[in-house]
There are 2 protein chains.
Amino acid sequence: MCGENRIEVYDTTLRDGSQGEGVAFSVSDKLEIVERLDEIGFDFIEGGWPGSNPKDEEFFEQVKAFKPKHSRLAAFGMTRRANSAVDADPTLAGLLATGAGVVTIFGKTWDLHVKEVLKTSLKNNLRMIEDSVAFLKAAGLEVVYDAEHFFDGYKENPEYALATLQAAETGGADWLALCDTNGGTLTWDLVEAVREAKASVTAPIGIHTHNDSGLAVANSLAAVQCGATQVHGTINGYGERCGNADLCVVVPTLELKMNKPCLPEGNLSKLTELSLYVAEIANQALNERCPYVGNSAFAHKGGMHLDAMQKNALTYEHVDPTLVGNRRRLLLSELSGRSLILDKAREYDPNVKKDSPAIQRLFDELRERELQGYLFEGAEGSFQLLLMKAFNKHRELFHRVGFRIIVDKTAEGLKSEATIKIGLGDRQVHTAAEGGGPVDALDAALRKAVQEFYPQIANIHLTDYKVRVLDGGTGTASKVRVLIETTDNETLWGTVGVSENLIEASWQALVDSLEYGLLYKKARNGENES
Amino acid sequence: MCGENRIEVYDTTLRDGSQGEGVAFSVSDKLEIVERLDEIGFDFIEGGWPGSNPKDEEFFEQVKAFKPKHSRLAAFGMTRRANSAVDADPTLAGLLATGAGVVTIFGKTWDLHVKEVLKTSLKNNLRMIEDSVAFLKAAGLEVVYDAEHFFDGYKENPEYALATLQAAETGGADWLALCDTNGGTLTWDLVEAVREAKASVTAPIGIHTHNDSGLAVANSLAAVQCGATQVHGTINGYGERCGNADLCVVVPTLELKMNKPCLPEGNLSKLTELSLYVAEIANQALNERCPYVGNSAFAHKGGMHLDAMQKNALTYEHVDPTLVGNRRRLLLSELSGRSLILDKAREYDPNVKKDSPAIQRLFDELRERELQGYLFEGAEGSFQLLLMKAFNKHRELFHRVGFRIIVDKTAEGLKSEATIKIGLGDRQVHTAAEGGGPVDALDAALRKAVQEFYPQIANIHLTDYKVRVLDGGTGTASKVRVLIETTDNETLWGTVGVSENLIEASWQALVDSLEYGLLYKKARNGENES
């Protein structure tokens, strides 16, 4: 964990991250995330800003019961007000009251802000910084001083910007974090300012960047290259406007490419899981293309790439995906050429060729479906059913006579019921079920009916259900794509449905998910079911 | 348009971009995008790779009818094969056949690839590069040579990497584009290699980066800073794995911060619209946090930020959003403090104070709703209704007796019908309507019923409908959030509903959308409706 090369990671997902549009954490969300951040081994966890809202105060109260293994908990606030004595300042008192061992306070670096926002003198601002830091140090705390707008301030008035850092250092700050608050700084300008800061103070330097120019990650790495030893950021880059530096991208690069250890040995491989977990809690759509941890980060689609990947993975991968807990994926699409599809088709016919009629049929079908809005990249199950059809290995599991869904809203509440009728040979099953919503009711009724013919589906169940509206602008009549994920506790498969009717799209994906679960393993074992 | 400082923009959305997971363009999609890219004024539009799939060949055939105003159309391919004569090579012949005035071919820079993928000698690879470029130049074309894996190759064997560039230059290449194909190169390593390349050849240099380390934008800018004059990228950063350099981020930085004009005067402000347009065609979820063009790029949420923004916009904005066609947004949330909400509340009561009981009620309600999964940031309409309720300016427009939805799947197809019963005073309306799906039917029935009481809603209609599953992992019984956008042809408003039942969530948002449309304008004009 130690050594001169080590970089300390300062996570601010719970404070700066929660300023991102659409991100809102409850107190219990925050407590759960703290446990996870401690588990992966970040050095600092900034929990919130007591005084900005009652939720953050409650968080600090409740988190006292948690004993972290690796992390130090930080409370965030600002320097004392322009006219209040340091020991009478409510913000500073609130920070002490949290009981957090680390306190981070920001102060003004940019003369424009001192004049226009604080409306005080440049000299008084320096006193406010020094005073406030000294007050917190006297209370025995570790103090991080955040130099807000450091790089903009440095550009306008470098002497004053450096003087604010020196004031914090004189006050006894343990860390001086340089903030690109507006995210507008270009890398070479940032490098020059970090070098000047390093030359002007002796306290260790931190870097806190925002992504308004798409440079948050690059600027964090460049600052470390110039000697910064503390990196601020958030999981998945959540934060005000365009977000903060994404720790899921910064940390792997520091560890894998710059020889700067950040996490306890072996913990980097937990990063992908952490990213997913926080996205889930934050209720945020995943950034599939996120470097290292994104679902597409190691997904290969181009035909050339696929061929080369099969020869040597290094040719199109900058690092081994397992190092960050991610995985390689080879995608199905027109562009993936026929080689990948041929590979899969050989399960059904080892002698199949590129120009076999079955392959041609399959390609025509895939193209037709893709035009309608189907996507097979996340729906291997539906793809396999098309493959089975092309090779005549598919059979209809049951005859679909019909279904009816009734959603009834009365004074007593809302009720969703589905009735369904399916057949097999001479037998017909007509049954019904209720559910939390129309699709849930349909799913329940379908399972109940199919189980009459195939009791083995009892162990097949849904794990995820996603709806994507395909074309905006036409209101509730838009086309939707439904993706369903199903498991039989051994494997996981995805299926897809597309329609202007959400129920129809869901129905397609539900039927596919059962057919795949029942048929595929048999077909692979060579039994001809047609 | 001219001048030494100018950077030529090379767009590869239609080729590299379409290798992104989930991205698939039809031929007519491609033709539409070409028109838009020409309109904004990119220098190069790479249309596809003839020979990789039949769609790209058809595209080049059809695009012949289009006469661009600004752009040159490029076809993409590779150097001749190791053993074929240059004039007998099918790829090169295919490139000539497209009729495109620019041809971009890639060749191997990295000795590993020459040996393991091409399986030929290092010397023969140099001949392949020189030959192929010379052959295309002899046909009178503008030739861009893409040095695939240039930076990885340079790291392993710098002499050989530079020799491949020299071979292309000897062949007569107009541009030498240096590619970070795996996206793994750190900025300072890239800078060193670009400088060496500049010193070794005289042809102008292009830069083509991928985002696997989160550095595609930073690396493109750094290369320009070292003298590259052509920048490759895609709209919204689409592309294989983590994507390519995002032109929506690179271009504004070049123009606004580096004094490097890229587009015809005045066209930068069309960028946000272009980003939305391409996302729509590509059927991709928007990256809300995208620098410059994202919906959140200039969205301010933190209370401190909002206060300061009202004093001086420069304090938390790195550029003026209108320069790129975007806009500033002030967001509603617990974190936005009370100042923004007070501002809005003053519409109902000019004397309202932070501690007024109405404000307290509103805050309690907002907090409660946010815990349930409501988000008011995109649902100003639902927020205004809560505000009206807090100030007793709200009244129920009609009494909701109940509704019933029936979705019927039979051999003849699928039918969705909604019946609804609402009341006002002594009158009751009981009516029914059909729709493309259950929500569409409910929307139609609701409008039909409400119109009996309020004929003026005829000009209110839905423009967008979004469903978000809030918690994955529990299958079809998950909670969903529905966001609806409505217009009366004068203004646009969003409303929200949350429930485990999609129908119920939609119902809430639909009712809110009508209530807001009917009540809000009256309430603003000071009529007390309670």
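The values are calculated or read from the model by the stated rules, or taken from the named source; none is laboratory data. None of these values were measured; they are calculated from a predicted model. We place every Cβ from the backbone using ideal geometry, glycine too, and count neighbours over all the protein chains shown. The area values use the complete protein model at the heavy-atom level, side chains included, leaving out ligands, DNA and RNA. Shrake-Rupley method; radii C 1.70, N 1.55, O 1.52, S 1.80 Å.
When you go through B:515, B:452, B:500, B:504 one by one, which is the residue that is open to solvent by less than 10 Å² (accessible area, probe 1.4 Å) and among the acidic types (Asp, Glu)?
Just a single option satisfies the conditions, and that option is B:515.
Determine which single condition residue A:478 fails, assuming it passes every other condition in (1) closer than 30 Å to residue B:278 by Cα; (2) at pLDDT below 85; (3) open to solvent by 10 Å² or more (accessible area, probe 1.4 Å); (4) facing chain B (nearest Cβ under 9 Å).
Result: residue A:478 fails condition (3) only.
Mind listing just one residue for me: the one in the stretch A:1-22 that is more than 14 Å from chain B (Cβ to nearest Cβ) and open to solvent by 20 Å² or more (accessible area, probe 1.4 Å) and, of those, nearest to residue B:372 (Cα to Cα)?
A:8
Considering only residues of the stretch A:409-437 that are within 19 Å of residue B:415 (Cα to Cα) and open to solvent by less than 30 Å² (accessible area, probe 1.4 Å), which is farthest from the other protein chains (Cβ to nearest Cβ)?
A:422
When you look at residue A:382, is it surrounded by 18 or more Cβ atoms within 10 Å (Cβ to Cβ), among the hydroxyl-bearing types (Ser, Thr, Tyr) and more than 28 Å from residue B:508 (Cβ to Cβ), yes or no?
In short, yes.
Quick one: what pairs do we get from the stretch B:242-254, first residue at positive phi, second not in a helix (DSSP H, G or I), C-beta under 8 Å, 6+ apart or different chains?
That search, which allows pairs on different chains as well, returns B:243/A:289; B:243/B:20; B:243/B:210; B:243/B:211; B:243/B:234.
Scan the stretch B:146-161 and give yes if some residue there is in contact (Cβ under 8 Å) with a residue 12 or more places away in the chain and within 19 Å of residue B:85 (Cβ to Cβ), otherwise no.
No - not one qualifying residue is present in the stretch B:146-161.
Across the stretch B:392-424, which residue is nearest to residue B:451 (Cα to Cα) among those that are modelled with pLDDT under 90 and outside any strand (DSSP E or B)?
So, considering only residues that are modelled with pLDDT under 90 and outside any strand (DSSP E or B), the one nearest to residue B:451 (Cα to Cα) is B:397.
Could you list all residues from the stretch B:247-270 that are touching a Gly at 6+ places or on another chain (Cβ under 6 Å) and under 17 Å from residue B:8 (Cβ atoms)?
Passing the criteria: B:247, B:250, B:263, B:264, B:267.
Could you list, in sequence order, all residues of the stretch A:137-161 that are of a type outside the set (Gly, Ala, Ser), farther than 14 Å from residue A:190 by Cα and not in a strand (DSSP E or B)?
Matches in the stretch A:137-161: A:137, A:141, A:157, A:159, A:160.
Condition check: of a type in the set (Asp, Glu) and within 26 Å of residue B:468 (Cβ to Cβ). Does residue B:370 satisfy that?
So residue B:370 fits the description; yes.
Could you say which residue among B:79, B:98 is in contact (Cβ under 8 Å) with a residue 24 or more places away in the chain, hydroxyl-bearing (Ser, Thr, Tyr) and either more than 28 Å from residue A:318 (Cα to Cα) or in contact with a Cys (Cβ under 6 Å, 6 or more places away or on another chain) (or both)?
On the way: B:79 fails: either more than 28 Å from residue A:318 (Cα to Cα) or in contact with a Cys (Cβ under 6 Å, 6 or more places away or on another chain) (or both).
The conditions single out B:98.
Between A:42, A:25, which is crowded, with 21+ Cβ neighbours inside 10 Å and either modelled with pLDDT of 95 or more or in contact with a His (Cβ under 6 Å, 6 or more places away or on another chain) (or both)? Spell out how you get there, then give the answer.
On the way: A:25 fails: either modelled with pLDDT of 95 or more or in contact with a His (Cβ under 6 Å, 6 or more places away or on another chain) (or both).
Only one candidate passes the filter, namely A:42.
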